[in-house]
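Chemist: Below you will find the structure I want to go over with you.
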Amino acid sequence: MVEAVADIGLIGLAVMGQNLILNMNDHGYTVCAFNRTTSKVDDFLNGAAKGTNIVGAHSVEELCAKLKRPRKVMLLVKAGAAVDAFIQQLLPHLEEGDIIIDGGNSHFPDSIRRCKELEEKGILFVGSGVSGGEEGARYGPSLMPGGNPKAWPHIKNIFQDIAAKAPDGAPCCEWVGESGAGHYVKMVHNGIEYGDMQLICEVYQIMKEGLGMTHEEMANTFEEWNKHELDSFLIEITRDILKFKDTDGTPLVEKILDTAGQKGTGKWTGIDSLDRGIPVTLIGEAVYSRCLSSLKDERVRASKILAGPKDVKFQGDKKKFIDQLGQALYAAKIVSYAQGFMLMRQAGKDYNWKLNFAGIALMWRGGCIIRSVFLGKIKDAYTNNPELENLLFDPFFQKATADAQDSWRSVLADAIKMGIPTPALSTALNFYDGLRHEKLPANLLQAQRDYFGAHTYELLDAPGKHVHTNWTGKGGDVSASTYDA
Ligand code: 6PG
């Protein structure tokens, strides 16, 4: 009879899995490790796990036998079919009330489905976002668990103990919500990550092409920005990357092929925002920018035949421009987060998830890729007003964008004149200007729709009543049936 010694089991011994196990072990939990290729279990036990309390298993059955009740099994395997396959293998060895946690980057509809299917079998499913890369997993990730709420009391201590801590000591891990809420919030986190990275890349291109700054100058600017409101992990690593020299003494970054990869979480966010009708334009542009970057051959051909402005060097006060660039980056980042929270707000309504936005900001405050000082301000905004309609309406962010907007406009005007692409910085300003316009030209659009398709429109002074006009005198008076996409 195998003794149930372990507090939790973990399947998947790639680097994230191994590091999470070591992290749990550091916090006094006994973990049982399993991997499909079982030689990896032995390698781990004889390597990084040597001298610890970590135990191993060579089959799913043995793993389940070694777990204390209720059993807790965490999967750190490739999202998709592998998750379903392991769930099927686990089921015969689990009993009612046991818990399966999926810590991969799973698509949230899969987590919704798994949560429901497992609940019918009496098994409690948790889909948890895990952010922070290898280092985060080892020393403190941001964890975003959601799923069957009955599981939370059983995993809360482990999760909050191993999670990163915000500067005030609060763990960067809270219960996100039911069903697929954890993976949904992780998806939006990743979308925002795409946006932050794209914004920084646009700033780098303006600095390099427009201002002709050296890598040292660029790195120093990011270093300076990292001391103030832009203080964040991504600004910090950008500084380090710009400083990094290859063996020949030149910056390594310039030798890297300019085509961006992507695993799909940013794309999921973009598609989800379209489905929900929420204008998450910045993440959309960030995804499309990666797509455009990968059309390298076509861009090489275009660079030889498509005209751009003649004078492409900035002529004004460079120092002032760099300050303005920092302001533009900050303002665009605020808009990106405002859009991300708008999307989560809508998803919360659609799925009846009681998302705690201050808690989400706190979870992202430390440990994850988008960690920043700025998230502390977002947490404050939602703590002051949990029902906040839009992050931009919070007095702090309202003032921050008001203070930055002149610089933002000026930077973009110069970038456009210089012919430097700024899709994310620009879309953020366009969204900001769109949002603050009481009246948009959609009245004309409605007239066009009614003109060519009898789609009807509403009048300003009689909303709700659909009217059709015979604009040409030739068409009939019959309107098309109304529907909203
Ligand atoms: C994290 C990251 C991580 C993500 C990678 C790669 O929070 O630790 O979001 O989960 O998978 O950053 O993403 P892309 O390959 O799509 O850039």
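Laboratory data are not the source of any read-out in this text; all were calculated from the coordinates shown. Quantities reported herein were computed from a predicted structural model and do not represent experimental measurements. A quick note on method: Cβ atoms are made from the backbone with ideal geometry, for glycine too, and the neighbour counts reach across all protein chains shown.
Chemist: Compute the length gained on full extension between Leu45 and Asp323: take 0.36 nm times their separation in residues and subtract their Cα-Cα distance, giving the result in nm to one decimal.
Modeler: 94.9 nm
Chemist: Angle between the Cα long axis of helix 318-351 and the longest principal axis of the chain, 0 to 90 degrees, nearest 10?
Modeler: 60
Chemist: Under the classification rounded if a/c is under 1.5, otherwise prolate if a/b is larger than b/c and oblate if not, where does segment 224-274 fall, given a ≥ b ≥ c as square roots of the Cα gyration tensor eigenvalues?
Modeler: Because a/c hits 1.5 or more and a/b fails to exceed b/c, segment 224-274 counts as oblate.
Chemist: Could you check how many percent of all C-alpha pairs in segment 81-133 are farther apart than 15 Å?
Modeler: 42
Chemist: Here's another thing I want to ask about it. Could you put Arg138, Arg299, Arg71 in order, starting from the residue whose Cβ has the fewest other Cβ atoms within 10 Å?
Modeler: Ascending number of Cβ neighbours within 10 Å: Arg299, Arg138, Arg71.
Chemist: Over all distinct alpha-carbon pairs, what is the Kirkwood Rh of segment 185-261 in angstrom?
Modeler: After inverting the mean inverse Cα-Cα distance, the result is 13.4 Å.
Chemist: Using the alpha carbon gyration tensor of segment 313-425, what are the three equivalent-ellipsoid semi-axes (square root of 5 times each eigenvalue), largest first, in whole Å?
Modeler: Listed largest to smallest, the semi-axes of segment 313-425 are 31, 14, 13 Å.
Chemist: At most 13 other C-beta atoms within 10 Å and a DSSP loop state: those are the exposed GluC sites (Glu not before Pro) I care about. Give me the longest piece of the chain that has none. Could the numbers behind the result be given before it?
Modeler: Details: sites that count: Glu3, Glu95, Glu96, Glu387, Glu389, Glu438.
That would be 97-386.
Chemist: A follow-up question, please. Find how much the distance from Lys150 to Phe452 grows on full extension, using 0.36 nm per residue of separation minus their present alpha carbon separation; answer in nm with one decimal.
Modeler: Additional length available on full extension: 103.3 nm.
Chemist: While we're on this one: Glu223 versus Asn443, label points 7 Å from Cα toward the beta carbon: distance in nm?
Modeler: Taking the simple label geometry, Glu223 and Asn443 are separated by 5.5 nm.
Chemist: Shifting gears a bit: Give me D for segment 87-245 in µm² s⁻¹, whole number, from Stokes-Einstein with Rh from the Kirkwood sum over alpha-carbon pairs, 20 °C and 1.002 mPa s.
Modeler: Values: Rh = 17.8 Å.
Reported coefficient: 120 µm²/s.
Chemist: What's the angle, to the nearest 10 degrees (0 to 90), between helix 233-243's Cα axis and the longest principal axis of the chain?
Modeler: Result, in degrees: 80.
Chemist: Could I ask something else about it? Using the 2.2 N^0.38 Å rule of thumb for compact globular proteins, work out how segment 194-337 stacks up: its C-alpha Rg over that value, please.
Modeler: For segment 194-337, the normalised Cα radius of gyration comes out at 1.14.
Chemist: Let me ask you something else. Mind checking Rg over Rh on the chain, alpha carbons, Kirkwood formula for Rh? Present the calculation step by step, with values, prior to reporting the outcome.
Modeler: Numbers: Rg = 25.6 Å, Rh = 24.9 Å.
Answer for the chain: 1.03.
Chemist: In nm, to one decimal, how far is the modelled label at Val467 from the one at Asp433, with both set 7 Å along Cα→Cβ?
Modeler: With each label point 7 Å from Cα toward Cβ, the separation is 3.0 nm.
Chemist: Also, quick follow-up: Where does each of Phe108, Phe321, Phe244 land when they are ranked from fewest to most other beta-carbon atoms within 10 angstrom?
Modeler: Arranged by neighbour count, lowest to highest, Phe108, Phe321, Phe244 become Phe244, Phe321, Phe108.
Chemist: If you don't mind, there's one more thing I want to ask. Of all the C-alpha pairs in segment 38-128, what % are more than 21 Å from each other?
Modeler: Taking all Cα-Cα pairs of segment 38-128, the fraction more than 21 Å apart is 34 percent.
Chemist: A further question on this structure: Note down the magnitude of the dipole of the chain about its Cα centre, charges +1 on Lys and Arg C-beta and -1 on Asp and Glu C-beta and zero elsewhere, to the nearest 20 debye.
Modeler: Dipole magnitude for the chain comes out near 400 debye.
Chemist: For Glu96 and Asn53, what is the calculated FRET efficiency with R₀ set at 25 Å and r taken between the beta-carbons, to the nearest 0.05? It would help to have the intermediate numbers written out before the result.
Modeler: Working: r = 28 Å, r/R0 = 1.13.
The computed FRET efficiency comes out at 0.35.
Chemist: Take every DSSP beta bridge whose two residues both sit in segment 107-196, then give the antiparallel share in percent to the nearest 5.
Modeler: If we restrict to bridges inside segment 107-196, about 70 percent are antiparallel.
Chemist: Can I ask one more? Please arrange Val83, Val126 by how many other C-beta atoms lie within 10 Å of their C-beta, fewest to most.
Modeler: Sorted ascending by nearby Cβ count, the order is Val83, Val126.
Chemist: If you take the beta carbon distance between Arg409 and Glu117 as r and set R0 to 45 Å, what does 1/(1 + (r/R0)^6) give as a FRET efficiency, to the nearest 0.05?
Modeler: 0.30
Chemist: What ranking, highest mean first, results for peptides 146-152, 49-55 when packing means the other Cβ atoms within 10 Å averaged over each residue?
Modeler: Packing proxy ranking, top to bottom: 146-152, 49-55.
Chemist: For segment 33-47, just list the computed ³J(HN,Hα) in residue order, Karplus coefficients 6.51, -1.76 and 1.60, θ = phi - 60°, integers in Hz, with x standing in for Gly and Pro.
Modeler: 9, 9, 8, 4, 7, 5, 4, 5, 5, 5, 4, 5, 5, 8, x
Chemist: What is the projected area of the convex hull of the Cα atoms of segment 378-455, averaged over all directions, in nm²?
Modeler: For segment 378-455, the mean projected area of the Cα convex hull comes to 8.0 nm².
Chemist: To continue, here is another question. May I ask for the distance between the Cα centers of segment 362-396 and segment 3-20, given as a whole number of Å?
Modeler: Between the Cα centres of segment 362-396 and segment 3-20 lies a distance of 33 Å.
Chemist: Something else now. What share of the DSSP beta bridges in the chain is antiparallel, in percent to the nearest 5?
Modeler: 35
Chemist: Which angle from 0 to 90°, rounded to the nearest 10, does the C-alpha axis of helix 281-294 make with the longest principal axis of the chain?
Modeler: On a 0 to 90 degree scale, this one is about 80.
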